[in-house]
Amino acid sequence: MSKTLLLKVLTPEKTVFEAPVDAVQVELLAEAPSNAPKKVPSSLDNILLPRGERIQFLAGHQALAAPMAISVLKATLNGQNLFLTLMGGQCITDGDTVTVLSDAAELGSDIDEARAHEAKARAESRLKERSETLDVLRAEQALFRSLTRLQAASLMKL
């Protein structure tokens, strides 16, 4: 039997998931070089660029604390995969426990796909119309969040 580590996924409102797992994969947020100009993303492509490397944690992993991208977390236990959406946050491990702190997180199996499709359509419609009062960054982020939720829901079906 392989050694497990404890995965905790926490939001300000609740513990979304807490159980032993064999492995955890998260996507870290890519950091811009310290001399890079700070700019606000102006298109969906720019939002996709800051995504970083996927990292896998196994029991005994070196201690690490790192920011995470809006992405899908994959946890594996006994060959079974579980997927959760993470709306960014922090990932902290001491080798025995992986703690994920996120403003919002959701189990892939709990995602209301119809609602996620509606959110995607609303965001796409807003971006297509491009009214003068549109907060483009906010609309792009809404689209990205809905796509991430749909990805986690579809991965749960595999």
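The values are calculated or read from the model by the stated rules, or taken from the named source; none is laboratory data. In this text, all values refer to a predicted model and were calculated from it rather than measured experimentally. With ideal geometry, Cβ positions are generated from the backbone for all residues, glycine too; neighbour counts draw on all protein chains shown. Areas reflect the complete protein model, heavy atoms only, side chains present, ligands, DNA and RNA absent. Shrake-Rupley method; radii C 1.70, N 1.55, O 1.52, S 1.80 Å.
Quick look at the values:
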| item | result |
| --- | --- |
| Considering residues of the stretch 106-119 that are in a helix (DSSP H, G or I) and open to solvent by 50 Å² or more (accessible area, probe 1.4 Å) only, the residue farthest from Lys8 (Cα to Cα) | Glu118 |
| Test: residue in the stretch 86-102 that is in a strand (DSSP E or B), in contact with a Cys (Cβ under 6 Å, 6 or more places away or on another chain) and not hydroxyl-bearing (Ser, Thr, Tyr) | yes |
| Every residue from the stretch 126-153 that is open to solvent by 50 Å² or more (accessible area, probe 1.4 Å), assigned to a helix (DSSP H, G or I) and without any contact (Cβ under 8 Å) to a residue 24 or more places away in the chain | Arg126, Lys128, Glu129, Arg138 |
